[in-house]
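A quick write-up on the structure given underneath.
The values are calculated or read from the model by the stated rules, or taken from the named source; none is laboratory data. The structure displayed is predicted, hence computed values, not measured ones. Glycine gets a Cβ as well: all are built from the backbone with ideal geometry, and neighbour counts include every protein chain shown. Each accessible area value is taken on the protein alone, full model and side chains, heavy atoms only, with ligands, DNA and RNA left out. Shrake-Rupley method; radii C 1.70, N 1.55, O 1.52, S 1.80 Å.
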Amino acid sequence: MAGPAVVRIDVTQCEGSGGSGSGFVVAPDLIMTAAHVVAGARTVSVRGEAGSLQAAEVIGIAPENDVALVRLASPSSATPLSFATELPDRGSSMAVVGFPLYAETLQISEGIMSGLPRPVEYSDQSVEEAFVTDAATNPGNSGGPVLDRDGRVLGLVSGGQVWEGWDPETRIPVQGTNYVVPAKDLQPYLALWADRTDSLAAPCADEVEAPGDASIAVEVSADDPWAADFAQALYTHGLSINAGSYASAFSVFTPRLQGVMGGLQTWSQGLATSYWRAIVVTDTEELPEETKVSATITTNQESQWGPDGHTCSVWSLVYDFVPAETGWQIDAVHGDETAQC
């Protein structure tokens, strides 16, 4: 079963945008995904089908083939997927596996290979070679694998064609024309990048030196199937704080909340000594305009910035999450109850 090897990837970027895509395990600590999913990413979080969360670093990226490789902080327990050695004949069946439209669980769509590999241009990118499938894809599928009946990787989802028609302001998805980078164009990059250790992420402007390591323990005790999504959003936010990348951490807030907080500089005062250690999502409540997420956040900080001089604090908070084009964003934070670790 390939499911455990297919992951959801969330990113933050310095300029205040982020996004979500899919990827798949190709070695114990390596995930392959689409280049456009992680391009410009400052932080990368990876969630497996069982809900486990890990930080990752981009170690290789090739826009011309829309392929990238990220290294996990620790090895995955999933069995890596293998690549098919040959491309099937036109008309052969295949399955797209991933996390479209910020799906909280793995989604599968079936189709056939409907067009042979060729150079393609679509949306805002071009790919040197891709074949066409009529299997359904949506935003969030990018970077996920396309599998044959034996669970082997035939290719990587790059995207789908749109038709602008006579009005360039109107972009209409073209049904049944979705592009996949063939496996033969992916394997050389795995061999080329597998031994790399340096991250390609560039620091944001005014980024500070991280006060501690980036690891954050995450637990989800809420029954809501969407709770893992909110945990990943908080985890991605915490990773940015731990990296000293306050601009990307600030991008998780809605513009309204950013204004309430007085802007980036005001909000980030004192964070240079603080970092997150643990997240526990305990409850969720779906309301008409937002979802309230109860969580406890464990932080370390210098005593001058901690409540009552604590250097280790457990915060009981309620976050108001609202949907946005780049995923969930935080629109309000309630509560100031704290306890010493």
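Figures for the structure shown
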read-out	value
Residue 312 accessible area, assembled protein chains, probe 1.4 Å, Å²	30
The chain: most fluctuating residue of 130, 84, 231 per GNM, C-alpha cutoff 10 Å	84
Solvent-accessible surface (1.4 angstrom probe) belonging to residue 36, in square angstrom, nearest 10	80
Largest-first ellipsoid semi-axes for the stretch 267-311, taking √(5λ) over the Cα gyration tensor eigenvalues, angstrom	28, 12, 9
Estimated translational D of the stretch 43-157 in µm²/s (Stokes, Kirkwood radius over Cα pairs; 37 °C; 0.692 mPa s)	214
Förster radius 22 Å - calculated FRET efficiency between residue 266 and residue 74 (Cβ-Cβ, nearest 0.05)	0.05
For the chain: relative contact order, % (alpha-carbon pairs under 8 angstrom, 6 or more apart)	15
Solvent-accessible ranking of 311, 137, 85, largest area first, probe 1.4 Å	85, 311, 137
Alpha-carbon Rg/Rh ratio, for the stretch 1-63, with Rh computed the Kirkwood way	0.95
Whole-number percent relative contact order across the stretch 21-143, with pairs defined as alpha carbons under 8 Å at least 6 apart	27
Relative contact order computed over the stretch 91-130 (Cα-Cα under 8 Å; 6+ residues apart), in percent	32
Distant alpha-carbon pairs in the stretch 211-341 (separation over 21 angstrom), percent	37
Listed values (1) 140; (2) 125; (3) 209, entry calculated as volume of the Cα convex hull per residue in Å³	(1)
Solvent-accessible surface ranking, highest first, for 32, 261 at 1.4 angstrom	261, 32
Accessible-area value, residue 184, 1.4 Å probe, nucleic acids and ligands omitted, Å²	120
Length gained when the stretch residue 292-residue 52 is fully extended (0.36 nm per residue, less Cα-Cα span)	84.2 nm
Mean accessible surface per residue for the chain, computed with a 1.4 Å probe while every protein chain stays in place, in Å²	46
